[in-house]
Structure formats: C-alpha cells, structure tokens
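Report on the structure given below.
Rule-based calculations on the coordinates, nothing more; no lab input. If you're wondering where the values come from, they're calculated on a predicted model, not measured in any experiment. Glycine also receives a Cβ, built like all others from the backbone with ideal geometry; neighbour counts cover every protein chain displayed.
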Amino acid sequence: MERVMCLTTFWFNGRRMVWLVVLCHCVVSSKGKEIVDVRYERKLFEELMGTPITLTCKTMYVYKWCHHMEVGWYQNQSVGLTDPSRYLTTVNETISEDSRLRQVTTKILSLISEDNGVFQCIAKCGDEEQARGHFIEVVVKGQE
C-alpha cells in the first residue's frame with residue numbers, strides 16, 4: 001500500500017462561479033486503486049465562546065479492500081470527539097457497485113476555550129491503513 005496526496009478542485013454553477021479547493025489524502029493499493037479517500041472543504045472557524053460549529057468530512061472507500069472502516073474527527077491529532085454531552089455526530093453511508101461514500105458530521109454543541117486548536121478527519125481501514133484530511137483551525141473568541 002502507498003499513500004498519495006491529491007488536490008482536487010470543484011466548482012458550482014449558480015449566479016457566479018465559486019472555486020473550492022479540497023485537500024485529500026488517499027490510501028492506494030499495490031494495484032494502483034484508491035482504497036480510502038478523505039475530502040472536505042478547507043475552512044477556518046473564528047467563533048465566539050458558546051457558539052456551535054459543524055465539521056463535515058466525506059470518505060470514499062472500496063469495500064472489497066476495506067470491510068471495516070472507521071471515520072471520525074480528532075482534535076490535535078489524537079483526541080477523538082466522542083463525548084455525547086459536547087458533540088453530536090451523524091453518519092450517512094451511500095453504497096454503489098464497488099465503493100461506498102461515508103459522510104461524518106460532528107457538531108460541537110457549544111465552543112469552550114479548550115476547543116482552540118486544529119481538527120482533522122481520520123479514516124482507518126482496519127488496524128493499519130489510514131487516510132487523513134488537512135487541518136481545520138478553530139479559534140474561540142471571547143475567552144477569559
């Protein structure tokens with residue numbers, strides 16, 4: 001397995017064209033096929049203490065190569081956002097012929113000073129293979 005960084009550009013048509021840059025990290029099999037692909041919008045949150053924010057990431061993966069996929073948001077690369085009194089996480093999964101799309105949305109219900117830092121979506125396929133998105137910085141304003 002090898003890891004590959006990729007940069008993807010999307011556009012949306014409406015009244016005006018908007019370009020979004022999404023940084024993703026892919027895990028590629030030895031046969032050259034992507035197994036795991038993590039994508040989400042680059043964003044900086046500068047919010048007042050007590051304000052809720054929502055973090056959303058999409059992970060595409062090949063089910064035949066990865067039967068057990070774990071996807072979640074982490075703060076400072078190690079702390080999972082799992083406390084149900086602080087976070088609300090929803091998971092939606094869409095199945096196609098050979099791949100699956102899993103969207104994980106975590107809402108931080110009320111920002112506190114400890115939420116200052118960087119957040120990252122991490123996808124793990126079993127115990128070994130993983131893909132990580134880029135860092136999203138959160139700055140909590142109005143701290144004491």
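Given points 7 Å out from each Cα along the Cα-Cβ axis, report the V91 to K64 separation in nanometres with one decimal.
Reported label-point gap for V91 and K64 is 2.4 nm.
When only C-alpha pairs under 8 Å and at least 6 residues apart count, what is the relative contact order of segment 62-134, in percent?
Reported as a whole number, the value is 39 percent.
Need the full-extension length gain, Q77 to D127, defined as separation in residues times 0.36 nm minus the C-alpha distance. One decimal, nm.
16.3 nm
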